[in-house]
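Asks: Encoded as structure tokens, here's the structure I'll be asking about.
The values are calculated or read from the model by the stated rules, or taken from the named source; none is laboratory data. Just so you know, these numbers come straight off a predicted model, no measurement behind them. We place every Cβ from the backbone using ideal geometry, glycine too, and count neighbours over all the protein chains shown.
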């Protein structure tokens, strides 16, 4: 008993089993096998390692964005000259990654709370019955005013007249405003921190540079007019009714190279609408909102209502960093070696089920046990005896 146990343990620890291999000399099967292997090899090298960078681990960044607009605007509306600075035309306050630059506006001054006629338009009336009392919308308080043929409303009076949008836009000077973008990213997996003020971008360079994708692709200062142009829109058109532009800051870095090569790439995209569409093809165009400046006059509350048409700027940071890692490398190699088994499976199917000599190849590939052979022989003997009796 002890000897049997030691033999079993010896066989288990000190013997190695290998699969039986049969060398088949067949040109068609050989060509199929090599073509499949070449395809798998091209997939592993071309797709897994070169394109997908299967030998590297990846990480996305934690990002921070700071912005600053500069520029002064000038308007002359009905003989009233005004100067508009950053505090007047940027909403909200400076510094956000998403903000609006005013390019056009409609001002309604000296509004007070009270009753006044609605603007002439689709809600014109002929009798008091056309004005539904008590509804909180511009359809009146149950009184139709004969002078204007509009309903009397309870509102901030005089009501805003926004039926005609100023054309050309009142702040065309916004085209020359400049935007400064300061962005930093951190890849926590690799412990790498980068800023868009990369090597060579110092105070002297910033004081004179202006972004251009070909001549100054790393300059963080951009003209608003250039941003609109690079996104595919016309500044005059978008300045009239407003719009939205996305500035994409792309950090795609290969950290196997020097950190100096990890630099941002700026691209510009229209977020609302398509530059190739016409106004009649769109369901809703432009970007606008209202805000009011409240004040007291003769102890009576008043306000100045401003309808702002502006360009909304959204700064979007996209990041992906890669670096060599032994674990994904071994995983990619292991999966590639496993895929090589496809060639063997396909060639076995061709040999055993398709070729004319498939029975011959089956006998060469499979070795039957002695018990199976005896069963085959006995069955053959019984058949011969039955034939002899018959």
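Asks: Given the criterion outside any loop (DSSP other than H, G, I, E, B) and modelled with pLDDT under 80, identify the matching residue among 252, 267, 280.
Replies: Details: 252 fails: modelled with pLDDT under 80; 267 fails: modelled with pLDDT under 80.
After ruling out the rest, the residue left standing is 280.
Asks: Continuing with this model, one more query. I'd like to know if the stretch 70-85 contains one or more residues that are closer than 30 Å to residue 251 by Cα, in contact with a helix residue (DSSP H, G or I) (Cβ under 9 Å, 6 or more places away or on another chain) and at pLDDT 90 or above.
Replies: Our first condition is that a residue be closer than 30 Å to residue 251 by Cα; within the stretch 70-85, this holds for 70-71.
Subsequent filtering for residues that are in contact with a helix residue (DSSP H, G or I) (Cβ under 9 Å, 6 or more places away or on another chain) retains 70-71.
Narrowing further to those that are at pLDDT 90 or above: 70-71.
Scanning the stretch 70-85, I find at least one residue that is closer than 30 Å to residue 251 by Cα, in contact with a helix residue (DSSP H, G or I) (Cβ under 9 Å, 6 or more places away or on another chain) and at pLDDT 90 or above, so the answer is yes.
Asks: Further question on the same structure: Out of the helices (runs of 4 or more DSSP H) lying entirely within the stretch 182-243, which hold 3 or more residues that are buried (at least 19 other Cβ atoms within 10 Å of the Cβ) and at pLDDT 90 or above? Before you say what the answer is, go through the steps one by one.
Replies: Values: elements: 203-208, 224-230, 235-241.
Helices (runs of 4 or more DSSP H) meeting the threshold: 224-230, 235-241.
Asks: Please indicate, with yes or no, whether at least one residue in the stretch 100-114 is at pLDDT below 85 and either in the same structural domain as residue 355 (by TED's automatic domain parsing) or on the phi > 0 side of the Ramachandran plot (or both).
Replies: Of the residues in the stretch 100-114, the ones at pLDDT below 85 are none.
Looking for residues that are at pLDDT below 85 and either in the same structural domain as residue 355 (by TED's automatic domain parsing) or on the phi > 0 side of the Ramachandran plot (or both), one finds none in the stretch 100-114, hence no.
Asks: Across the stretch 96-119, what is the number of residues that are in contact with a strand residue (DSSP E or B) (Cβ under 6 Å, 6 or more places away or on another chain) and not in a strand (DSSP E or B)?
Replies: Summing the residues that are in contact with a strand residue (DSSP E or B) (Cβ under 6 Å, 6 or more places away or on another chain) and not in a strand (DSSP E or B) in the stretch 96-119 gives 2.
Asks: Scan the stretch 35-69 residue by residue and report those that are under 23 Å from the mean Cα position of the chain (by Cα) and part of a strand (DSSP E or B).
Replies: Scanning the stretch 35-69 gives 56, 57, 58, 59, 62, 63, 64, 65, 66, 67.
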